[in-house]
1. Check region 149-162 and report whether any residue there is surrounded by fewer than 20 Cβ atoms within 10 Å (Cβ to Cβ), over 27 Å from Ala79 (Cβ atoms) and touching a strand residue (DSSP E or B) at 6+ places or on another chain (Cβ under 7 Å).
2. With respect to Glu113, is the statement that it is more than 21 Å from the chain's Cα centre (by Cα) and acidic (Asp, Glu) true?
3. Exactly one condition in (1) within 22 Å of the chain's Cα centre (by Cα); (2) closer than 17 Å to Thr125 by Cβ is not met by Lys192; state its number.
4. For region 95-105, enumerate the residues that are surrounded by fewer than 17 Cβ atoms within 10 Å (Cβ to Cβ), part of a loop (DSSP other than H, G, I, E, B) and touching a residue at least 60 places away in the same chain (Cβ under 8 Å).
5. When only residues in region 1-41 that are of a type in the set (Gly, Ala, Ser) and assigned to a loop (DSSP other than H, G, I, E, B) count, which is most open to solvent (accessible area, probe 1.4 Å)?
6. Is there a residue in region 48-56 that is more than 29 Å from Glu122 (Cα to Cα) and at pLDDT 95 or above?
7. Looking at region 2-19, I want the residues that are within 18 Å of Ala79 (Cβ to Cβ) and have a partner that is part of a loop (DSSP other than H, G, I, E, B) and among the aromatic types (Phe, Trp, Tyr) with Cβ atoms under 7 Å, at least 6 apart or on another chain. Which pairs are those?
8. Quick test for you: out of Gly123, Gly92, Gly72, pick the one residue that is among the small types (Gly, Ala, Ser), under 30 Å from Leu200 (Cβ atoms) and open to solvent by less than 50 Å² (accessible area, probe 1.4 Å).
Amino acid sequence: MITNSRRKKRIEEFVDKDHKVMSEYYDLLESATSDAQLKREMEKLIETDPDFYDPYLVVADLQTEQGNDKKGDELIQEAYERAVKRIADARGDWPIFMPWGWLENRHLMRAIERQAVIFWEEGKTDEALDIFRRLLRANPGDNQGVRHSILAIRLGLGTDWYAPFEVKDGPMAGEAIDAFATEKWFEKNAKKFPEEFGWLPDALKELGYDD
């Protein structure tokens, strides 16, 4: 368990600081002319601001594409550990609320989710579930869709659980999943695990979501 001994009190609502490199990061995604350039520039961003985590994920993906899976996983683990240290208290508790709605939080939440996926791929489903559950509790609106990952693990599925829901036709074929079909699958199967999801409807109502 990752803890932060300097933080004695659990954070009620976490909103990350503004990272000046964020705009440069998004510009690079659009302007880089080669993978080599993208990797080089993203590594510079990591050096400039090691606590803005999206560049770690880009470099990790490029490493994996080049067959350097170990280096890719190590980058994601570094981003994950740094991210959790930013939000955890001395007992290892994460913020009560960490909304995706704040753009400043998304890089951190993405890094945390990616580590959970690695654990899942490695068969460490308890570790993966712990992360996914924490993310869902902190952000019940679940813009990331971690509730689907929790359900898939509980059903004994792998990280390719979404394959049946991939869009088969049109310009998004193979690039997106059918959100309606996915949610229908979730609603049908989540009822099997009230201990996982029984609290969620009330949490969503409290946040003002419609039924």
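The values are calculated or read from the model by the stated rules, or taken from the named source; none is laboratory data. All values derive from a computational prediction rather than experimental measurement. FYI the Cβ positions are ideal-geometry reconstructions off the backbone, even for glycines, and counts take in every protein chain you see. What goes into the accessible areas is simple: the full protein's heavy atoms, side chains included, and nothing from ligands, DNA or RNA. Shrake-Rupley method; radii C 1.70, N 1.55, O 1.52, S 1.80 Å.
1. There is no residue in region 149-162 that is surrounded by fewer than 20 Cβ atoms within 10 Å (Cβ to Cβ), over 27 Å from Ala79 (Cβ atoms) and touching a strand residue (DSSP E or B) at 6+ places or on another chain (Cβ under 7 Å).
2. When the stated conditions are applied, Glu113 does not pass them.
3. It fails just one condition, (1).
4. Ile96, Trp102
5. Ser5
6. As a first pass, look at region 48-56 and keep what is more than 29 Å from Glu122 (Cα to Cα): 48-49.
If we keep only those that are at pLDDT 95 or above too, we end up with 48-49.
Taking every residue of region 48-56 in turn, at least one turns out to be more than 29 Å from Glu122 (Cα to Cα) and at pLDDT 95 or above.
7. Here the result reads His19/Phe52, each pair linking region 2-19 to a residue that is part of a loop (DSSP other than H, G, I, E, B) and among the aromatic types (Phe, Trp, Tyr).
8. Gly92 is the lone residue from the list that is among the small types (Gly, Ala, Ser), under 30 Å from Leu200 (Cβ atoms) and open to solvent by less than 50 Å² (accessible area, probe 1.4 Å).
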